[in-house]
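The values are calculated or read from the model by the stated rules, or taken from the named source; none is laboratory data. Computed from a predicted structure; not experimentally measured. All Cβ positions, even for glycine, are placed from backbone atoms using ideal geometry, and neighbour counts span all protein chains on display.
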Amino acid sequence: MAAVMPAPAATRHLMSGNEAVARAVWEAGVKVAAAYPGTPSTEMLEVISTYPDLYAEWSVNEKVSLEVAIGAAYAGSRAFCCMKHVGMNVASDALMTLTLTGVIGGLVIAIADDVGLSSSQNEQDSRYWGRFAHVPVFEPADSQEAYAMTLAAYELSEQFQVPVILRMTTRINHVKSLVEVGERVSHSGSGFKKEPGRFVMVPGNAGKRIPLMFRRDGELRLQAESSPLNVIEDGSDRRVGFIASGPAYMHVKESFPNAPVLKLGFSWPVPFEKCRELAGMVEQVVVVEEVEPLVETELKAQGITVIGKEILPLQGELAPNVLKPAIAELLGEPVPVLSPVVPMQVFPRPPTMCVACPHLGVYYTLSQVRNLNISGDIGCYTLGAGHPWQAMDTCVSMGASMGVALGMDKGRGESDKDKRVVAVIGDSTFLHMGMQGLLDMVYNKGNVTVLLLDNRAVGMTGGQDNPGNGRDIHGEEAPRIDFAKLVSALGVKDERIHVVNPYELPVLFKTIRDEVKVPEVSVIITDQPCVLIKDYHKLKPYEVVEDKCTGCGNCIDVGCPAIHVTRRGKEVKASGREVDLAFVRIETSVCTGCGLCLQPCAPKAIQHHVIESPIKLVKGGACA
């Protein structure tokens, strides 16, 4: 009998949920991991890419990332894919067929829901993908569970040959706690075995797989009933029992520590018998779920009496300050007056772009060109909708600026028949989903000017690399897309393609003004890097010469946060008209010398900052 090797000693680390998942992915022997950056999911793949013995990539969009993972799982290797909630909207085409083919190697799909809208355009509940696609859903409540459930998800995935969704939220993704970890266990892929009846999803083959999917649903429900991830925690106060999962479970335990709780870690399929067991223990059951009433609706359909969204909100986190008043009112008790958490009062600081951001000049210019309808997109440049530019009129989803702009053009009404239509999109967003929209625009003879803002990074999620900057996820050299050639290949006429430096305002202004007058598709590409990546090089900073500043405020309209108003005033012109004045200074410690503010300054009051040496040389060479 072979000697049994002792298991490696476990160690504990302070980890966010994202880091814990990444560690578990590595330990599970995953061979292929793919994703597209998106807060709050981004760090999962960033951390995974630092581990050895696996392949990791930034894909051009979430659909491609899932398809890469599917291919690896078909080949018998373990695979991982992650995205934020709206990313699964993009990837769902592949998911809805994957549920029929199933997998060979384990496949875990981590979806990060942005409950509370920290950085997203909507608030979705990704548990519905489990219901819709007939796949199991795990919901961790802290970093340790994120780690453990990822490992368990691979076992379940291979046992039932089904992908498993790991549903996380911002509260789990970014909050850190202690995690006990192990070591990597290698997993050898079996290799792809041809099975056309299973993997070629034409109608005849797909129809035969549907009954197998429904049979699997029943098996998974039995598994959920017996899973140790679903546990009833008894309590002494049986007036109300709770069914909760993820962070909502933590909020329930904090608010009602003596109440019985059914904690759902394996939340789909819903374990109905476990829920009936809890209902038999208490006077009434409240389902606490963020954000949609998925479990509540399923239980009511089963004839189980529960209370949910009748007393709880349909949006945002269900923290104690929400739960305690709702349950007090349900029980007919005095509603507790909770002391509101009052944040420290600071000067109002709305979101803005970075100092010297190459997008500043674009939006300053757009704000100066009249008679435009501007279709925007998802990225740092979405901030162009705010003050002082107010130069974006729509923002829907990744890549939508192209199609929306074409629709604005084709759907003109009497009030905007003379308006020029402009679409603004970033480099990574263009590669993600904008190329198809531009192709459609060209094919259908649109009258739209496209501003393609190439800052060589996925800026809003942390400056990740993409095919537009010539580096891969490890920072190593990779083929770099030439955007001018790409849009030319999509059908834009070469004479309608312009590459401009967004810091050269006169050139940018003239190019935009000229192109919006041309009744066909044109593309203006800006070509300066994000100020937060290594491709950007700072120049000598500027300062305001107070004696020359007239308070005209033109520099403020650029929107650079390095420019501060020091005082305001008024001036009466010869015509008798009173105008507002704003005298300014430049924070030289953060100014990068881009020169944007210099160009609209009429009195030439902005000059290079002069650094005076505190050391004075005296006669004889001594220092004083």
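Some observations on this one:
- Residue match in the stretch 282-292 (condition: at pLDDT below 95, surrounded by fewer than 22 Cβ atoms within 10 Å (Cβ to Cβ) and under 24 Å from Val137 (Cβ atoms)): yes
- Of all residues in the stretch 427-452 being surrounded by fewer than 20 Cβ atoms within 10 Å (Cβ to Cβ) and charged (D, E, K, R), the one that is nearest to Val518 (Cα to Cα): Lys445
- Residues that are in contact with a Lys or Arg (Cβ under 9 Å, 6 or more places away or on another chain) and either among the charged types (D, E, K, R) or in a strand (DSSP E or B) (or both), drawn from the stretch 143-196: Glu158, Ile165, Arg167, Leu178, Val179, Glu180, Val181
- Considering the conditions (1) more than 24 Å from Glu296 (Cα to Cα); (2) modelled with pLDDT of 95 or more; (3) not in a helix (DSSP H, G or I), Phe242 is excluded by exactly one of them, (1).
- Test: Glu298 is out of contact with any helix residue (DSSP H, G or I) (no Cβ under 7 Å at 6 or more places or on another chain), surrounded by 15 or more Cβ atoms within 10 Å (Cβ to Cβ) and within 25 Å of Val231 (Cα to Cα): yes
- Residues satisfying the stated conditions in the stretch 295-331, i.e. in contact with a Gly (Cβ under 7 Å, 6 or more places away or on another chain) and modelled with pLDDT of 95 or more: Glu296
- Hits in the stretch 56-68 (condition: part of a helix (DSSP H, G or I) and either surrounded by fewer than 24 Cβ atoms within 10 Å (Cβ to Cβ) or aromatic (Phe, Trp, Tyr) (or both)): Lys63, Val64, Glu67, Val68
- The one condition from (1) farther than 30 Å from Val590 by Cβ; (2) surrounded by fewer than 18 Cβ atoms within 10 Å (Cβ to Cβ) that Arg349 does not meet is (1).
- Test: residue in the stretch 419-426 that is surrounded by fewer than 24 Cβ atoms within 10 Å (Cβ to Cβ), more than 20 Å from the chain's Cα centre (by Cα) and farther than 19 Å from Leu360 by Cβ: yes
- Within the stretch 34-52, the set of residues being in contact with a His (Cβ under 9 Å, 6 or more places away or on another chain) and part of a helix (DSSP H, G or I) comprises just one member, Glu43.
- Those residues of the stretch 178-202 which are among the small types (Gly, Ala, Ser) and either at pLDDT 95 or above or more than 15 Å from Gly106 (Cβ to Cβ) (or both), in sequence order: Gly182, Gly191, Gly197
- If you go through the stretch 156-213 and keep only what is of a type in the set (Val, Ile, Thr), closer than 24 Å to His85 by Cα and in contact with a Phe, Trp or Tyr (Cβ under 9 Å, 6 or more places away or on another chain), you end up with Val164, Ile165.
- Number of the exception - Glu310 against (1) more than 31 Å from the chain's Cα centre (by Cα); (2) exposed (fewer than 14 other Cβ atoms within 10 Å of the Cβ): (1)
- Whichever residue in the stretch 546-567 is of a type in the set (A, V, I, L, M) and assigned to a helix (DSSP H, G or I) and, among such residues, is surrounded by the fewest Cβ atoms within 10 Å (Cβ to Cβ): Ile556
- Enumeration of residues in the stretch 344-360 that are more than 25 Å from the chain's Cα centre (by Cα) and at pLDDT 90 or above: none
- Within the stretch 568-581, the presence of a residue that is closer than 17 Å to Cys357 by Cα, in contact with a strand residue (DSSP E or B) (Cβ under 8 Å, 6 or more places away or on another chain) and surrounded by fewer than 20 Cβ atoms within 10 Å (Cβ to Cβ) is excluded.
- Taking every residue in the stretch 27-42 that is charged (D, E, K, R) and pairing it with any residue that is surrounded by 24 or more Cβ atoms within 10 Å (Cβ to Cβ), at least 6 positions away or on another chain, the pairs with Cβ-Cβ distances below 9 Å are Glu27/Tyr147; Glu27/Thr150; Lys31/Ala72; Lys31/Ser77; Lys31/Arg78; Lys31/Ala79; Lys31/Gly105.
- The stretch 75-100: number of residues that are part of a helix (DSSP H, G or I) and either crowded, with 24+ Cβ neighbours inside 10 Å or in contact with a strand residue (DSSP E or B) (Cβ under 9 Å, 6 or more places away or on another chain) (or both): 7
- Scanning the stretch 477-514 for residues that are in a helix (DSSP H, G or I), under 28 Å from Asp465 (Cβ atoms) and touching a residue at least 24 places away in the same chain (Cβ under 8 Å) returns Phe483, Ala484, Leu486, Val487, Leu508.
- Meets criteria (surrounded by fewer than 21 Cβ atoms within 10 Å (Cβ to Cβ), out of contact with any Asp or Glu (no Cβ under 9 Å at 6 or more places or on another chain) and more than 23 Å from Pro136 (Cα to Cα)) for Pro320: no
- Among the residues of this structure, Val47 does not count as one that is touching a helix residue (DSSP H, G or I) at 6+ places or on another chain (Cβ under 7 Å), farther than 23 Å from Glu195 by Cα and in contact (Cβ under 8 Å) with a residue 40 or more places away in the chain.
- The criterion of being assigned to a loop (DSSP other than H, G, I, E, B), at pLDDT 95 or above, more than 29 Å from the chain's Cα centre (by Cα) and charged (D, E, K, R) does not hold for Arg221.
- Options Ile525, Ile533; residue that is of a type outside the set (Asp, Glu) and within 22 Å of Leu508 (Cα to Cα): Ile525
- Flag if Gly71 is surrounded by fewer than 19 Cβ atoms within 10 Å (Cβ to Cβ), outside any loop (DSSP other than H, G, I, E, B) and out of contact with any Gly (no Cβ under 9 Å at 6 or more places or on another chain): yes
- Lone unmet requirement of (1) closer than 28 Å to Arg12 by Cβ; (2) in contact (Cβ under 8 Å) with a residue 60 or more places away in the chain for Gly105: (1)
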